[in-house]
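These notes concern the structure reproduced below.
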Amino acid sequence: MTTLDQPASGAEVTGSALPARLTALLDELDAFVAAEIDPLEQQEDNVRFFDHRREFARTDVEAGGVPRAEWEELLAEVRRRADAAGWLRYSLPAELGGRGGSNVDMAVIREHLAHRGLGLHNDLQNEHSVVGNLVVPHLLHLFGTPEQREEFVEALVTGQRRMSFALTEPDHGSDATWMETRAERDGGDWVLTGRKRWITGVHTGTHLLVFARTSGRPGEARGISALLVPIDAPGLSVPHFWWTLNMPTDHGEVVLDGVRVPGSAVLGAEGEGLAVAQTFVHENRIRQAASGVGAAQFCIDRSVEYARQRSTFGRPLAERQAIQWPLVELHTEAELVRTLIRATAADLDELTARGAPAVTIGHRVSMCNYRGNRLVCDAADRAMQVHGGMGYSRHLPFEHIYRHHRRYRITEGSEEIQMRRVAGQLFGFLR
């Protein structure tokens, strides 16, 4: 690896200070965005996807509220450019064409990109970023059979295949071990029956990764399997998409009515599907928290800048404690959460290097996640207040940032689930 590709260590990253290697990496990333992505954003009125028209430009209302094809084609072009430049796969191992980016690297990069504000480089739609969070390809790489890896891994990275994660159900979200979707053996096949909800990307997906109980009793972690299911399989339907606070939506309701797949469709060990689901929980939650800090800092910085420029009653807003103190609180919180994220990411990398279970610091990952998600919502709300009527308008980005990040206080494990995890460690309930 080159010097820029060397993963960061915990000793390198403390608080806001970054080592020269990571600073150079971010400079390299910014240069790519400036040369390849920013000009694309300005072409052919592509700015309509980011200015006050953004929600309407992106949403195909007549098709059920899903993303417009031209919007997703633009995002796909960004990913192609990022892949050609060696950025899209940054987090993946070298054997998949990646650069083996560490958890520290990804936390720093994700915060940096979010801190740049809205744009094609790191849009809020479905975690789109020039530095990809390629969870599903990595899952197939780790748990797939040689045949599954051959069919899916590269195709998922390039977009030739698109796989949605089908875990949540109408009556079961955080309590996944109580899921009611079942897969039963029939000769050499599995037959799936059940219903899934909030299935992201199913409108253009080619496959689902469906989690279903294959043995055991409700409430047991064992006995749930992960199965690869083609979208066009007989008996699978998507009756509608759920409209959300942030539009467009691609969160479909999925019905499985006697869907048949071969025995080879199981990903990982039979009955151990939750191990597949949880493999990237820690990394995902750290990265989301880092994005939250970056977006929060963007809102804080823009509010400070505005307060210095805007005068009311003959004085700059920046001189008023009613404006100063809430932003001071947010700025301090951002520094605290940033430090915790980077330290926790470094410890995750150290555990991974030793082959030790990440579960030992799961409570700290939960701290990062729920505080990072809450921070960005508070910062966006405060930015709207500081900017007054314009802050509430869609001509500034703060309402969009709020609407997007608000969902992460529910998804990826709600903040109550994260706090429950911390309480389990604090009070000794975890075993």
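In table form, for the structure just shown:
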| item | result |
| --- | --- |
| Full-stretch length increase - E151, R354 - with 0.36 nm per residue and alpha-carbon distance subtracted | 70.0 nm |
| Additional length obtainable on full extension of the chain from R260 to R48, 0.36 nm per residue less Cα span | 72.0 nm |
| Whole-Hz couplings from phi, Karplus 6.51/-1.76/1.60, listed for segment 410-415; x for Gly and Pro | 10, 7, 6, x, 4, 5 |
| Dipole magnitude (debye, nearest 20) for the chain, charges at Cβ of Lys, Arg, Asp, Glu | 1160 |
| Karplus-derived 3J(HN,Hα), 6.51/-1.76/1.60, for each residue of segment 87-101, Hz, glycine and proline x | 9, 4, 8, 3, 7, 7, x, 4, 5, 9, x, x, 10, x, x |
| Cβ-derived FRET efficiency at R0 56 Å, D186 paired with R116, nearest 0.05 | 0.60 |
| Length-normalised contact order of the chain in % [C-alpha pairs under 8 Å, at least 6 apart] | 16 |
| Simple spin-label estimate for A17 and L40 in nanometres, 7 Å along Cα-Cβ | 3.7 |
| The chain: calculated mean residue ellipticity at 222 nm from DSSP helix runs of at least 4, using -39500 (n - 2.57) | -14500 deg cm²/dmol |
| Listed residue (G188, M419, L25) projecting farthest to the positive dipole end of the chain, Cβ model | M419 |
| Dipole of segment 345-424, positive direction: furthest Cα of Y370, A346, Y392, with charges on the beta-carbon | Y392 |
| Compactness index (Cα Rg / 2.2 N^0.38 Å), the chain | 1.00 |
| Extension gain, W243 back to Q321 (0.36 nm per residue minus Cα-Cα distance, nm) | 24.1 nm |
| Mean separation of Cα contacts under 8 Å (6+ apart) over length of segment 109-243, as relative contact order % | 17 |
| Note, ³J(HN,Hα) from phi for segment 56-68, Karplus 6.51, -1.76, 1.60, rounded to Hz, x at Gly and Pro | 7, 5, 8, 9, 9, 4, 5, 9, x, x, 6, x, 5 |
| Taking segment 201-282 and dividing mean pair separation by its residue count, relative contact order in percent (alpha carbons under 8 Å, at least six apart) | 34 |
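Coordinate-derived values only; no laboratory data. Everything numeric here is computed off the predicted structure, so don't read it as measured data. Cβ atoms come from the backbone with ideal geometry, glycine included; neighbour counts cover every protein chain shown.
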